[in-house]
Amino acid sequence: MELRELVTETRNLDTWNLDEMTPLEIAQVMNRNDARVPKAITPHLEQIARIISAVEHAFLNGGRLIYMGAGTSGRLGVLDASECPPTFGVSEDQVVGLIAGGDIALRSPVEGAEDNMDLGEEDLKKICITDKDVVIGLAASGRTPYVVGGLRYARNVGCITAAVVCNSGSRIAEEADIPVEIEVGPEILTGSTRLKAGTAQKLVLNMISTGAMVRTGKAYQNLMVNVVQSNQKLCTRAENIVMDATGADRETARKVIDKAEGNVKLAVVMILAERGVDEAKDLLGQSAGHVREAVRIAGQKREGR
């Protein structure tokens with residue numbers, strides 16, 4: 001399919017006079033168009049859930065989540081990957097974002113990088129992918145050669161592959177085990193896929209990484225119990241999480257967090273299960289890191305079952 005024929009490249013009938021609009025009219029038309037994005041995602045939720053399950057399985061078996069894309073799509077993958085360590089307390093290599101042209105492409109275009117199929121394969125080889133990993137190709141157009149080459153190589157290695165694109169019948173979707181093709185319609189600024197298409201991809205990546213992390217024990221209720229305390233705000237947030245999860249006051253929360261050497265999840269289990277550090281660690285080990293299950297096991301032991 002020619003570039004001009006892609007839905008993301010067609011002209012939006014609502015904005016033919018965009019250059020004549022007032023600031024308020026621009027904000028209004030953009031807001032109306034953006035409101036259509038979640039509705040466009042809704043028909044694809046089952047496919048997205050399949051990706052979440054695949055990533056969950058990968059994490060539980062020592063695998064990684066790897067995003068790869070070019071331009072805006074690549075930057076969104078890098079963004080999502082970079083936010084996982086502070087939010088969920090995971091290592092920096094558990095979720096990896098690859099962008100055509102490397103880190104310099106986060107700020108400046110790298111000529112020809114996205115058009116090179118071999119480069120996608122080379123970037124995956126550099127990080128030594130295995131069949132335990134899940135590789136997700138990101139491209140609004142659905143045809144970026146860098147992503148096609150990467151997905152093709154990943155499938156040959158035995159990885160589960162997925163795609164998040166914004167045109168139907170795409171070449172990239174054909175290379176993926178789990179394709180998600182979200183048609184958000186023409187952009188208000190023709191071809192500027194950092195707008196609705198980018199918003200759609202961001203929303204889906206939020207679902208994938210958050211869903212997989214929650215499924216692997218990185219949350220209790222809806223609390224970020226694996227949060228890393230890297231600044232004062234996050235230290236306070238850690239206290240708030242322990243307080244919300246257990247009903248403890250702030251002084252107690254901080255005292256137990258310190259006993260747990262900053263491990264918020266461990267502190268929550270210590271309070272809820274009424275256990276010391278070592279016993280709480282054992283409970284989390286038995287529950288594969290799930291707070292709710294750790295507390296249930298402690299209750300069963302207390303009752304002699």
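The values are calculated or read from the model by the stated rules, or taken from the named source; none is laboratory data. None of these values were measured; they are calculated from a predicted model. As a convention, Cβ positions derive from the backbone with ideal geometry for all residues, glycine included, and neighbour counts pool all protein chains shown. The area values use the complete protein model at the heavy-atom level, side chains included, leaving out ligands, DNA and RNA. Shrake-Rupley method; radii C 1.70, N 1.55, O 1.52, S 1.80 Å.
Quick notes on this structure:
- About the centre of its Cα atoms, segment 1-61 shows a dipole size close to 260 debye [charges on the beta carbon of Lys, Arg (+1) and Asp, Glu (-1) only; nearest 20 debye].
- Positive-pole candidate from Tyr220, Ile182, Val268, dipole of segment 145-303, charges at beta carbon: Val268
- For the chain, the relative contact order comes to 18 percent (Cα pairs under 8 Å, sequence separation of at least 6).
- If both residues of a DSSP beta bridge must be in the chain, then about 5% of such bridges are antiparallel.
- Cβ-placed point charges (K, R +1; D, E -1), dipole of the chain about Cα centre in debye, nearest 20: 1100 debye
- With θ taken as phi - 60° and the Karplus curve 6.51 cos²θ - 1.76 cosθ + 1.60 applied, the whole-hertz 3J(HN,Hα) list for segment 36-41 is 7, 5, x, 5, 5, 6 Hz, x standing for glycine and proline.
- For segment 228-273, alpha-carbon Rg over 2.2 N^0.38 Å: 0.96
- Hz values of 3J(HN,Hα) by residue in segment 55-64 - Karplus curve (6.51, -1.76, 1.60), Gly and Pro given as x: 5, 4, 4, 4, 4, 5, 10, x, x, 10
- Each 10 Å bin from zero holds the following percent of Cα-Cα pairs in segment 111-237: 12, 33, 31, 20, 4.
- With the gyration tensor restricted to C-alpha atoms of segment 1-80, the semi-axes of the equivalent ellipsoid amount to 34, 15, 14 Å, longest first.
- Options Gly211, Asn231, Ser192, ranked by Cα towards positive dipole end of segment 189-274, top entry (Cβ charges): Ser192
- Here segment 32-96 is assigned +1 on the Cβ of each Lys and Arg and -1 on the Cβ of each Asp and Glu. Its dipole about the Cα centre then comes out at about 340 debye.
- Under the Karplus curve 6.51 cos²θ - 1.76 cosθ + 1.60, θ = phi - 60°, whole-Hz ³J(HN,Hα) for segment 219-229, x wherever Gly or Pro sits: 9, 10, 6, 10, 10, 7, 6, 9, 4, 9, 8
- Per residue, the convex hull spanned by the Cα atoms of segment 60-132 amounts to 87 cubic angstrom.
- Inter-label distance, Asn61 to Asn206: 3.0 nm, where each label sits 7 Å from its Cα along the C-beta direction.
- Within the accessible surface of the chain, defined with a 1.4 Å probe on protein heavy atoms only, the carbon and sulfur portion equals 49 percent.
- Gaussian network model of the chain, springs between alpha carbon atoms under 10 Å - residue of Glu261, Glu121, Glu293 with greatest fluctuation: Glu261
- C-alpha center-to-center spacing [segment 213-268, segment 112-189] in angstrom: 37 Å
- Heavy-atom accessible surface of segment 162-230, averaged per residue, reaches 35 Å², computed with a 1.4 Å probe.
- Pairs of lysine residues in the chain - Cα separation under 25 Å, sequence separation of 8 or more or cross-chain: 22
- Gyration tensor over alpha-carbon atoms, segment 206-305, equivalent ellipsoid semi-axes in Å: 21, 18, 10
- Amide H partners (placed H, <5 Å) of Asp177, local residues excluded: Thr161, Ala162
- Spread over its residues, the convex hull of the C-alpha atoms of the chain is 162 Å³ per residue.
- Dipole of the chain, positive end: most advanced residue of Ala298, Ser287, Ile48 [Cβ charges, Cα centre]: Ala298
- Normalised alpha carbon radius of gyration of segment 162-267 [divisor 2.2 N^0.38 Å]: 1.56
- Residue among Glu56, Glu274, Glu114 with the largest mean-square fluctuation in a Gaussian network model of the chain, springs linking Cα atoms under 10 Å: Glu274
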